[in-house]
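Novice: Encoded as C-alpha cells, here's the structure I'll be asking about.
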Amino acid sequence: MTDIDELSLRLSLARGLDEVMAIVRSGVRPLIGADGITFVLRDGDKCFYADEDAISPLWKGQRFPLEACISGWAMLHREVVLIEDIYADDRIPHAAYRPTFVKSLAMVPVRQDDPVGAIGAYWSERKMPSEQEVRILRRIANSAAVAITNLTLTSALSEARDEAIRAKDAIVFAMADLAETRDNDTGNHIRRTQHYVRALAEGCVEHGLYADALDAETIALLFKSAPLHDIGKIAIPDRILLKPGRLTLDEFEVMKTHAALGSRAIANAQAKLGDNSCFLHTAAEIAETHHERWDGTGYPRGLKGEAIPLSGRIMAIADVYDALVSERVYKAAIGHAEAVAMIADERGRQFDPDIVDVFMRIHPRFAEIHRHFSDERLAA
C-alpha cells in the first residue's frame with residue numbers, strides 16, 4: 001500500500017471532523033514536499049482556517065470573508081487554484097500574506113460539486129506545483145470530502161434515531177397518562193412507579209440478586225416500559241374503573257381483565273409495527289404479569305414463583321407500594337412505614353421473597369421518590 005493509499009484509508013475510517021483534519025495536517029506535507037498545509041472550512045460566508053501544519057504560523061483560527069481569500073475563491077468557483085507567484089495574482093490578499101513565508105500555493109476545494117472546505121498547500125520558494133502534487137492534493141481532498149459526507153450522514157441518522165426515541169417515549173407517556181387519568185390516578189403515578197422499578201432493579205444488582213439478568217440495558221428497558229403497566233385500563237368501563245367504593249366480585253372480575261387486555265394491545269401494536277424490539281415485549285410482559293402472585297393466586301394466568309417474569313415481580317412491588325402511599329377517591333393514603341410493613345408481610349405470598357428482602361434494605365429510596373414526584377407537586 002502506498003502512502004497516499006494509507007492516508008485515504010485512514011480518512012475513510014475517521015470518526016470525527018477533528019480526526020479528518022488531523023490526518024490531513026500530519027500526512028499531506030511529506031507527500032508533496034510542501035512547507036505548509038491548511039485545512040479551511042466554509043462557515044457561512046466566511047472561510048475558517050481550522051487547522052494547519054507549517055514551518056511558521058499561518059492563519060489558524062482566523063476567519064475571512066469568502067470573497068477576500070483564495071480558499072474562498074476556490075470554493076465559490078469550485079476550481080483548483082495554482083499560483084506560482086502570489087504577489088503577481090490579484091486574487092491574493094497580499095497584506096495577509098506578507099507576514100508569512102508563502103511564495104507559491106495550491107488550493108483544492110473539498111467536495112467539488114458543493115464545497116464544504118478547501119485544502120491549501122504552500123511553498124516558501126517560488127514554484128509551480130507539479131501535476132503529481134496536484135493529483136495527490138485532489139485525491140486527498142476527495143477522500144476528505146467522502147469522510148465528511150459520511151460523518152454528516154452518520155450524524156443525521158443518529159439525530160433521527162434520537163428523535164424517534166424521544167417521540168416513542170412521549171407517545172408511551174401519553175398513552176400511559178391517558179390510562180391513569182381515567183383511573184382517577186395522576187401522571188405522577190407512572191413517573192413514580194418507573195423510578196421505583198429502576199431503584200428496585202438497581203438494588204437487586206447492588207445486593208447480588210439477579211445481577212446477570214439485570215444489566216444496565218435491561219434496567220433502562222424496565223424503566224422505559226414500566227409506564228405501560230396499566231394501559232389495559234383504557235378498556236375497562238367507566239362504571240367500574242371510576243367507582244368510588246369497593247368493587248363487587250363481578251366488577252372485580254372485569255377489572256382483572258385489564259392485565260391481559262393491556263398485554264394484548266401492546267402485542268397487537270408490536271405485530272402491526274413489525275417491531276421485534278425488546279421494548280414492546282417487556283412492556284407487554286409487565287402489563288400482563290404485574291398482578292401475578294408468588295404463591296400462584298394472582299391473575300390473569302395464576303403464575304407461581306419464578307414462572308412469573310422478573311419484570312412482573314419487580315413491577316408488582318412498585319405498583320403496590322405506590323397504591324398504598326397514595327390517596328385516591330376511594331381510599332386514604334397510608335404512611336411509608338406502614339406500607340413497608342405490609343409489603344414485608346406479603347413476603348413469599350404476594351411477592352418474590354428475595355426481592356422483598358432487597359426492598360427492605362432500600363425502601364428509603366422509595367420514600368424519596370414519592371416525595372419528589374408527589375401529587376401535590378404536580379397540582380402546583
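Novice: Just a yes or no: is a residue in the stretch 35-49 over 36 Å from the mean Cα position of the chain (by Cα), open to solvent by 40 Å² or more (accessible area, probe 1.4 Å) and modelled with pLDDT of 90 or more? If you could, list the steps in order and put the result at the bottom.
Specialist: Let us first name the residues in the stretch 35-49 that are over 36 Å from the mean Cα position of the chain (by Cα), namely 35-37.
Applying the additional criterion that residues be open to solvent by 40 Å² or more (accessible area, probe 1.4 Å) yields none.
No, every residue in the stretch 35-49 fails to be over 36 Å from the mean Cα position of the chain (by Cα), open to solvent by 40 Å² or more (accessible area, probe 1.4 Å) and modelled with pLDDT of 90 or more.
Novice: Filter the stretch 122-139 for residues that are within 42 Å of the chain's Cα centre (by Cα) and surrounded by fewer than 19 Cβ atoms within 10 Å (Cβ to Cβ) and give the result.
Specialist: Answer for the stretch 122-139, where residues must be within 42 Å of the chain's Cα centre (by Cα) and surrounded by fewer than 19 Cβ atoms within 10 Å (Cβ to Cβ): R135, R138, R139.
Novice: Additional query: State which residue is farthest from the chain's Cα centre (by Cα) when the search covers only the stretch 308-333 and only residues that are part of a helix (DSSP H, G or I) and of a type in the set (G, A, S).
Specialist: Taking the candidates together, the pick is A323.
Novice: Also: Any idea which of A96, A14, A22 is under 36 Å from the mean Cα position of the chain (by Cα) and surrounded by fewer than 19 Cβ atoms within 10 Å (Cβ to Cβ)? So that I can check it myself, show each step before the final result.
Specialist: Details: A96 fails: under 36 Å from the mean Cα position of the chain (by Cα); A14 fails: surrounded by fewer than 19 Cβ atoms within 10 Å (Cβ to Cβ).
That would be A22, the only listed residue that is under 36 Å from the mean Cα position of the chain (by Cα) and surrounded by fewer than 19 Cβ atoms within 10 Å (Cβ to Cβ).
Novice: I want to confirm something. Restricting to the stretch 223-268 and keeping residues that are open to solvent by less than 20 Å² (accessible area, probe 1.4 Å) and touching a Lys or Arg at 6+ places or on another chain (Cβ under 7 Å), which single residue is farthest from N188 (Cα to Cα)?
Specialist: Ranking the qualifying residues of the stretch 223-268, first place goes to H258.
Novice: In the stretch 320-352, how many are buried (at least 20 other Cβ atoms within 10 Å of the Cβ) and of a type outside the set (V, I, T)?
Specialist: 7
The values are calculated or read from the model by the stated rules, or taken from the named source; none is laboratory data. Since this is a predicted model, take the numbers as computed values, not measurements. Neighbour counts are summed over all protein chains in view; Cβ atoms, including those assigned to glycine, are modelled from backbone coordinates with ideal geometry. All accessible areas refer to the heavy atoms of the entire protein, side chains included, with ligands and DNA or RNA removed. Shrake-Rupley method; radii C 1.70, N 1.55, O 1.52, S 1.80 Å.
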